[in-house]
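A.B. asks: The structure's right below; bear with me while I get my questions together.
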Amino acid sequence: MTVETKPKKRNLKPIDASQPTVRKMDFEKMGDLPDHYFAGNSFITHIINSYHILFPEGERFFIKSVKAFADQVKDPKLQTSIKAFIGQEVQHGKEHEKVLEVLAKQGKPVGRFVRFFEWSAFRVMLPFFEFFFGKKLKLSVTAGMEHYTATMGEITLRHGFHEHAYGEMRDLLLWHACEEIEHKAVAYDVLQTVSKSYLLRIFGFFLASWIFWGYVVFFQHWFIITDPNVDFKKYFRDLKASRPFGRILFVETAKAFFLYLKPGFHPAQTGGYDLANSALGTI
């Protein structure tokens with residue numbers, strides 16, 4: 001089921017990768033969000049819910065990682081982009097926290113999920129590897145995560161995934177996707193400014209891959225197990241219905257994974273800016 005929504009005129013500034021813009025949004029109409037807000041599909045809805053768990057603390061991690069090396073950036077243009085990157089990530093975190101509040105009111109154990117994620121990822125795993133690779137590892141992980149979020153954004157817009165989401169969730173997913181595409185090169189450029197190490201970039205990307213996919217699959221099934229509206233019959237029915245989306249996601253993200261491994265890779269090579277600009281106008 002596709003939820004039809006009427007385009008809203010918010011007069012948002014257009015996408016500009018050379019000078020990203022902080023767009024303050026206010027998605028306040030999430031209170032009527034149904035339990036399975038993506039095409040009535042619990043399997044896909046709980047994947048998205050898992051990203052809602054990751055994003056607020058993840059955005060704070062991105063900001064800290066980039067700010068830690070901002071003083072080493074001498075390029076005025078990149079300095080301006082860093083400020084916009086930070087502003088955008090702050091806004092993303094705030095809006096996803098609003099979603100978590102809605103999910104908590106629905107009875108979902110988001111508090112336990114968030115605490116587990118914060119402890120295991122940011123107090124155990126990343127500090128352990130930082131001991132061996134140094135503080136630049138966090139920046140490398142951030143650059144890798146930004147590659148994934150931009151890739152997911154492009155997939156969402158190109159295939160119209162956001163159009164299957166209910167109400168303002170559609171607009172939130174679209175807006176976030178557009179801005180991830182807009183600022184996708186910022187963390188990578190900061191990393192290249194402070195370190196040209198291919199080993200550091202790739203190891204950070206492997207850790208980013210684990211965070212981006214490992215935690216999501218884990219939380220998705222934790223959501224499903226604790227969802228009283230999902231029994232075995234609905235689980236397998238929704239799993240089957242999700243396959244067309246899954247095939248697109250698997251193929252496109254696999255391509256993105258191997259693209260990042262190329263020594264001469266740069267995020268700007270994947271484009272997507274015109275796509276994001278056109279999509280942003282429908283919010």
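The values are calculated or read from the model by the stated rules, or taken from the named source; none is laboratory data. Note that the structure is predicted; figures quoted are calculated from it, not measured. With ideal geometry, Cβ positions are generated from the backbone for all residues, glycine too; neighbour counts draw on all protein chains shown. What goes into the accessible areas is simple: the full protein's heavy atoms, side chains included, and nothing from ligands, DNA or RNA. Shrake-Rupley method; radii C 1.70, N 1.55, O 1.52, S 1.80 Å.
A.B. asks: Treating the chain as a set of equal point scatterers at the Cα positions, no solvent, please give the Debye-formula log₁₀ I(q)/I(0) at q = 0.07, 0.12 Å⁻¹.
C.D. replies: -0.24, -0.74
A.B. asks: Another one. Once both labels are modelled 7 Å past Cα along the beta-carbon direction, what's the residue 16-residue 259 spacing in nm?
C.D. replies: 2.5
A.B. asks: Report, in deg cm²/dmol and to the nearest 500, the calculated mean residue ellipticity at 222 nm for the chain, where each DSSP H run with n ≥ 4 adds -39500 (n - 2.57) and the sum is divided by the residue count. Mind dumping the intermediate values first?
C.D. replies: Values: 12 runs with 180 residues, N = 283.
Taken over the chain, the calculation gives -21000 deg cm²/dmol.
A.B. asks: When ligands, DNA and RNA are left out and all protein chains stay put, how many square angstrom of accessible area per residue does the chain have with a 1.4 Å probe? Please report the intermediate quantities before stating the final value.
C.D. replies: Working: 13380 Å² over 283 residues.
With all protein chains present, the chain gives 47 Å² per residue.
A.B. asks: Counting Lys and Arg as +1 and Asp and Glu as -1, each charge on the Cβ, what is the dipole of the chain about the Cα centre in debye, to the nearest 20? Before the final figure, lay out the partial values.
C.D. replies: Values: 37 positive and 30 negative charges, 75 e Å.
That gives a dipole near 360 debye.
A.B. asks: Classify segment 226-283 as rounded, prolate or oblate, taking a ≥ b ≥ c as the square roots of the eigenvalues of its Cα gyration tensor: rounded when a/c is under 1.5, otherwise prolate if a/b is larger than b/c and oblate if not. Show your work: numbers first, answer last.
C.D. replies: Details: a/c = 3.44, a/b = 1.75, b/c = 1.96.
Oblate.
A.B. asks: Which is farthest toward the positive dipole end of the chain among 121, 47, 175, measuring Cα position about the Cα centre, with Cβ charges +1 (Lys, Arg) and -1 (Asp, Glu)?
C.D. replies: Of the candidates, 121 comes out farthest on the positive side.
A.B. asks: Moving on. Answer rounded, prolate or oblate for segment 113-233, using the Cα gyration tensor with square roots of eigenvalues a ≥ b ≥ c: rounded when a/c is under 1.5, else prolate when a/b is larger than b/c, else oblate.
C.D. replies: On the way: a/c = 2.82, a/b = 1.35, b/c = 2.08.
It is oblate, given that a/c is not under 1.5 and a/b is not larger than b/c.
A.B. asks: Another question, then. Would you pull out the residues with amide H under 5 Å of residue 36's amide H, same chain only if 5 or more places away, H placed 1.01 Å from N?
C.D. replies: none
A.B. asks: Given the options 219, 236, 143, identify the residue whose Cα lies farthest towards the positive end of the charge dipole of the chain (+1 on Cβ of Lys, Arg; -1 on Cβ of Asp, Glu).
C.D. replies: Of the candidates, 143 comes out farthest on the positive side.
A.B. asks: Same structure again: Could you go through segment 218-226 in sequence order and give the Karplus-derived ³J(HN,Hα) for each residue, using 6.51 cos²θ - 1.76 cosθ + 1.60 with θ = phi - 60°, rounded to whole Hz, and x for Gly and Pro?
C.D. replies: The phi angles translate into 4, 5, 4, 6, 5, 4, 4, 4, 8 Hz.
A.B. asks: Something else now. May I ask you to order 176-187, 225-236 by the average number of other C-beta atoms within 10 Å around their residues, highest value first?
C.D. replies: On the way: 176-187: 26.4, 225-236: 12.5.
Those peptides, ordered most packed to least, come out 176-187, 225-236.
A.B. asks: Amide H neighbours of residue 165 under 5 Å, at least 5 residues apart or on other chains, H built in the peptide plane: list them.
C.D. replies: 3
A.B. asks: Got the relative contact order for segment 56-148 handy, in percent, Cα pairs under 8 Å and 6 or more residues apart?
C.D. replies: On the way: 39 pairs, mean separation 34.2, N = 93.
Relative contact order for segment 56-148 comes out at 37 percent.
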